[in-house]
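The values are calculated or read from the model by the stated rules, or taken from the named source; none is laboratory data. Predicted model, so just to flag it, every value in this text is computed and none were measured. FYI the Cβ positions are ideal-geometry reconstructions off the backbone, even for glycines, and counts take in every protein chain you see.
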Amino acid sequence: MLRTRVVAVDPLKPDEGLLEEAAKVIRSGGLVVFPTETVYGLGANAYSREAVIKIFKAKNRPMDNPLIVHICGLEELEMLASKLPDEAYEIAEKLWPGPVTLVVWRSEQVLKEVTAGLPKVAIRMPSHPIASSLIRLSGVPIAAPSANLAGRPSPTTAHHAIQDLYGRVDLIIDGGETLFGVESTIIDLTVKPPRLLRPGPIPVEDLERVLGFRIDVPDYARGLSEAKRAYSPGVKYRHYAPETPMKLVESDSYDDLAAYASKLIEIAEECSCRGLKVVIVASRETTRYYSARGFQVLELGSRKNLYEVARNLFKTLRELDEVSPDLALCEGFEEKGLGLTIMNRLRKACKHDIIRV
Ligand code: AMP
Ligand code: MG
């Protein structure tokens, strides 16, 4: 058990003194939990094999699930990658710093533990002021997955990271709630056309606009099937799952929400009749239908603002476990824009237990 320090840092005016202490922990091979604009990350010096291995131990993460390397300048991209394609520069110029991760061929500089032995490395330049200052002050790229125990919902507050990692890391920086609340979009630029490995805050439609051509969206990026290798986040392993058994209720169309809600109520009432305590995870638009029938509802946000739904998603899955019903029924969303990201996470969170109505 490690002695974990928790320090609060104002994300709008980060205290350089405190971040310099955190940077010292990184440089000396320790583990630091820090906020990014997506979710909290569990970081270590990407150039230290010993430090990187500690990440896997702290999270109970299988060693064949690679990490993302976080950088603060383009020189680091050029150092870590080889044979960089033009598309990497185009995306970096328009969308970095920000929530997009590029998968490119790796250079000799990259440890095999970071990429799980793959010849490709995942690289991102975060925009969160605490994350970028920490990387700059550390003077090394920071390898980091999300700061949760393997399989659990990603942390969007320091409190979530404390729940999972207290006693397993050296330092936790509390910088408040993260902005997007879901992990970065990951795009593989080593294949043609580029392939979406994980949908995230930047919708695939936006990436296509930047690149000027189509991006391949395989079934596993939609959360529909599991890839054979740990190509991408959560592609192979149990991910984002609450302890509470959850079923996702999907429909081809969410245009007639009253009709959709009444089908979901039918399922919920059938489960209640069997003596199960059911909680419904829903959008703001439909909450009242379920409450009117006496069901407890956890609200994700409005269908008209999917950023709100994404931001609340992991937090709500953790809240669900505090309520701890026998079963959760969760609403689905249209797979457009951020809806694809939300459905990827929900399909994995329910372990592919999907009911179509
Ligand atoms: P996490 O943010 O916790 O999901 O961890 C980082 C994710 O980035 C991993 O789950 C990986 O699957 C993905 N990733 C990292 N490196 C690579 C890579 N070389 N190729 C494909 N995906 C990667
Ligand atoms: Mg993760």
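Annotations for the structure displayed:
- Residues that are in a strand (DSSP E or B) and either in contact (Cβ under 8 Å) with a residue 60 or more places away in the chain or within 17 Å of L346 (Cβ to Cβ) (or both), drawn from the stretch 279-326: V279, I280, V281, A282, S283, V297, L298, E299, L300, G301
- Filter result for Y220 (modelled with pLDDT under 95, assigned to a helix (DSSP H, G or I) and within 16 Å of ligand 2 (Cβ to nearest atom)): yes
- Check on A143, surrounded by 24 or more Cβ atoms within 10 Å (Cβ to Cβ), within 21 Å of M63 (Cβ to Cβ) and more than 9 Å from ligand 1 (Cβ to nearest atom): yes
- Residue in the stretch 117-140 that is nearest to ligand 1 (Cβ to nearest atom), counting only those that are of a type in the set (G, A, S) and touching a Leu at 6+ places or on another chain (Cβ under 8 Å): A122
- Pick from the stretch 265-321, criterion aromatic (F, W, Y) and surrounded by fewer than 20 Cβ atoms within 10 Å (Cβ to Cβ), ranking: farthest from E250 (Cα to Cα): Y307
- Residues of the stretch 82-96 satisfying the condition of being in a loop (DSSP other than H, G, I, E, B) and among the hydroxyl-bearing types (S, T, Y): S82
- Taken as a whole, the condition of being crowded, with 21+ Cβ neighbours inside 10 Å, touching a helix residue (DSSP H, G or I) at 6+ places or on another chain (Cβ under 9 Å) and not charged (D, E, K, R) does not apply to L84.
- The listed residue being surrounded by fewer than 18 Cβ atoms within 10 Å (Cβ to Cβ) and either farther than 24 Å from D216 by Cα or among the aliphatic types (A, V, I, L, M) (or both), out of G181, G176: G176
- Matching residues in the stretch 1-47 - criterion: being out of contact with any Asp or Glu (no Cβ under 7 Å at 6 or more places or on another chain), exposed (fewer than 15 other Cβ atoms within 10 Å of the Cβ) and among the aliphatic types (A, V, I, L, M): M1, L12
- Within the stretch 58-81, considering residues that are part of a loop (DSSP other than H, G, I, E, B) and surrounded by 22 or more Cβ atoms within 10 Å (Cβ to Cβ), the one farthest from ligand 2 (Cβ to nearest atom): I71
- Of the residues in the stretch 162-171, none is farther than 21 Å from R345 by Cβ, without any contact (Cβ under 8 Å) to a residue 60 or more places away in the chain, among the aliphatic types (A, V, I, L, M) and touching an Asp or Glu at 6+ places or on another chain (Cβ under 9 Å).
- Among residues of the stretch 205-217, those that are outside any helix (DSSP H, G or I) and surrounded by 14 or more Cβ atoms within 10 Å (Cβ to Cβ), counted: 3
- Residue match in the stretch 296-313 (condition: aromatic (F, W, Y) and under 19 Å from the mean Cα position of the chain (by Cα)): yes
- When each of T4, T36 is tested for being polar (S, T, N, Q), under 19 Å from E177 (Cβ atoms) and modelled with pLDDT of 95 or more, the lone residue that passes is T36.
- Number of positions in the stretch 230-265 that are touching a His at 6+ places or on another chain (Cβ under 9 Å), within 16 Å of ligand 1 (Cβ to nearest atom) and modelled with pLDDT of 85 or more: 0
- Test: residue in the stretch 91-103 that is more than 16 Å from ligand 1 (Cβ to nearest atom) and on the phi > 0 side of the Ramachandran plot: no
- Counting only strands (runs of 3 or more DSSP E) that sit wholly inside the stretch 105-181, those with at least 1 residues that are within 15 Å of the chain's Cα centre (by Cα) and more than 16 Å from ligand 2 (Cβ to nearest atom) are 120-124.
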